[in-house]
């Protein structure tokens, strides 16, 4: 039992690493959800009537979610990716949930806030040991 506890203590940062990977996967999946229902995304950002500007923002959001999620999953330029994701998710929290209301039955505020806080944490934490960032840093040394 003591060996197991020693191993767990030596690898406790893996929990944070798997959280980063999970957030990356969630961002990728959300990007595919937005691709599947672009009208919903345009409605969420309030630009359904402005095809040009709405299309520009919608494609930016989808691209950042798909590419950023993939980079987040493998831990490549993690802090930069978090920096691009944070304004999008923050806008989702303040714009979407200001309309829906905190206590509406369809609200995903808790989930979105969890993603936002995770992104802020990884903005400071970086990619960690199980990341491409860490491998590239070790190669430079």
* State whether one or more residues within the stretch 82-101 are at pLDDT below 95 and outside any helix (DSSP H, G or I). => yes
* Asked: Does residue 76 satisfy the criteria of being within 18 Å of residue 120 (Cα to Cα) and outside any helix (DSSP H, G or I)?
  -> yes
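The values are calculated or read from the model by the stated rules, or taken from the named source; none is laboratory data. In this text, all values refer to a predicted model and were calculated from it rather than measured experimentally.
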